[in-house]
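Below: one structure, written as structure tokens.
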Amino acid sequence: MPNGDPKGMRIAVAMSGGVDSSVAALLLKEQGYDIVGVTLLLTPGCGKEPAYAADARRVAEALGISHRIVDAQAEFSREIVESFADTYLCGQTPLPCALCNKKIKFGRLMSEARALGAEALATGHYARRPIGAKGPELHAAAEERRDQSYFLFGLTQEQLTFARFPLSEMSGKAETRKLAEQAGLPVAQKPDSQDICFVPNGDYAATVERLRPGKILPGEIVDEKGTVLGRHRGIVHFTVGQRRGINLSARAGENNEPLFVLRLDAEHNRVVVGPREALAQRTVRLRDMNWLGDPVPAEGIQIKAKLRSAQAPVLATFRMEEGAGILALAEPVYGVAPGQAGVIYDGTRVLGGGWIEQA
């Protein structure tokens, strides 16, 4: 690993039972480190060992490394799951994986790693951590399509210093699976999870209903002037920029251009819709900033900003204003959703980021 870590150093590996974290453990063991696998128990297993924990245990056995399971269900439920439900009900679009990385994986798990005598915590994230002039930096992965640096923007400098990303130079998932297969790991061909771990079948609304029974209420779909155009089943079914599922195709008259969700008015339980051009945003405000770069001068700095994980970064000027981050975008961006993250890059380096408060 390009971190100067001495051979034999103890490194804890966050083992989720997937192929990525399993290969992270494999690579570190092959490089001569003292590895201990740690699996966080996040969701109930119906009285038995959850499948992901069983997979992690089997990988640890195949690698000949010790393995621990840490029960973090209460903390995960409080900090991540409950927050997920409340964020949706507030008319925002949550990003639970980024919150989990900061509070659970590099929060609770980092404490557990230290208690086990580990001097670092490795994960299966695709991101890089080179050592810069002022210490460790967070950079995008070598393979852009697999890059997960967006979800790691909330790591503090202390957490980043303790972190290791063994998959940083991987060319992609095919290479990772090939290594797992060559090593005989039992999860080599295990499918990637496509859903948030606590949201069965990707049904966000059903999850919120289960967590907050009776709180998802029908309401009005209105245009920017407040004219009622239709009804909705609950604002949790919508996100800013959405076009499908609005169900207003039977509008009367000649003005039948496609409509998009412009914003969610949680106070009045309304979905506000309008034409695509009304989605265009040039200024974005970020709350709860986490900053890993040098101090920002008053006039701001030129950067690239990523406002959703699947969107390409855009040029912007970034400045700080009373603790909040202000992004002045060089070109309009469509579908900027409160609750998502605004992550700031200088080339491949993550300078920091915050949660989109308003646009």
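The values are calculated or read from the model by the stated rules, or taken from the named source; none is laboratory data. It should be emphasised that the depicted structure is a prediction, and the values quoted were computed from it without experimental measurement. For neighbour counting, all protein chains shown are included, and Cβ atoms are generated from backbone atoms with ideal geometry for every residue, glycine included.
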I'm trying to understand the selection: among the residues of region 158-198, which are touching a residue at least 40 places away in the same chain (Cβ under 8 Å) and of a type in the set (Val, Ile, Thr)?
Thr176, Val187, Ile196
Whichever residue in region 324-359 is out of contact with any strand residue (DSSP E or B) (no Cβ under 7 Å at 6 or more places or on another chain) and not hydroxyl-bearing (Ser, Thr, Tyr) and, among such residues, is modelled with the lowest pLDDT
Gly335
Of these, Gly245, Gly226, Gly230, which one is closer than 24 Å to Gln340 by Cα, free of Cβ contacts under 8 Å to residues at least 60 places away in the same chain, not in a helix (DSSP H, G or I) and not assigned by TED's automatic domain parsing to the domain that holds Thr87?
Gly245
Taking the condition of being surrounded by 15 or more Cβ atoms within 10 Å (Cβ to Cβ) and closer than 18 Å to Gly335 by Cβ, how many residues in region 284-321 meet it?
13
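Just for region 56-76: of the residues that are in contact with a helix residue (DSSP H, G or I) (Cβ under 9 Å, 6 or more places away or on another chain) and not aliphatic (A, V, I, L, M), which one is surrounded by the most Cβ atoms within 10 Å (Cβ to Cβ)? Lay out the reasoning, then the answer.
Initially, region 56-76 is screened for residues in contact with a helix residue (DSSP H, G or I) (Cβ under 9 Å, 6 or more places away or on another chain), giving 56, 59-60, 62-70, 72, 75-76.
Remaining after also requiring not aliphatic (A, V, I, L, M): 64, 66-68, 75-76.
Working: Gly64: 8, Ser66: 12, His67: 20, Arg68: 18, Glu75: 15, Phe76: 22.
The qualifying residue surrounded by the most Cβ atoms within 10 Å (Cβ to Cβ) is Phe76.
Determine whether region 297-309 contains at least one residue that is among the hydroxyl-bearing types (Ser, Thr, Tyr) and without any contact (Cβ under 8 Å) to a residue 40 or more places away in the chain.
In the first step, residues of region 297-309 are kept if they are among the hydroxyl-bearing types (Ser, Thr, Tyr); the result is 309.
Still in the list and also without any contact (Cβ under 8 Å) to a residue 40 or more places away in the chain: none.
Scanning region 297-309 turns up no residue that is among the hydroxyl-bearing types (Ser, Thr, Tyr) and without any contact (Cβ under 8 Å) to a residue 40 or more places away in the chain.
Of these, Phe198, Phe153, which one is at pLDDT 95 or above, out of contact with any Asp or Glu (no Cβ under 6 Å at 6 or more places or on another chain), under 27 Å from Gln311 (Cα atoms) and of a type outside the set (Ser, Thr, Tyr)? Reasoning before the result, please.
Working: Phe198 fails: at pLDDT 95 or above.
After ruling out the rest, the residue left standing is Phe153.
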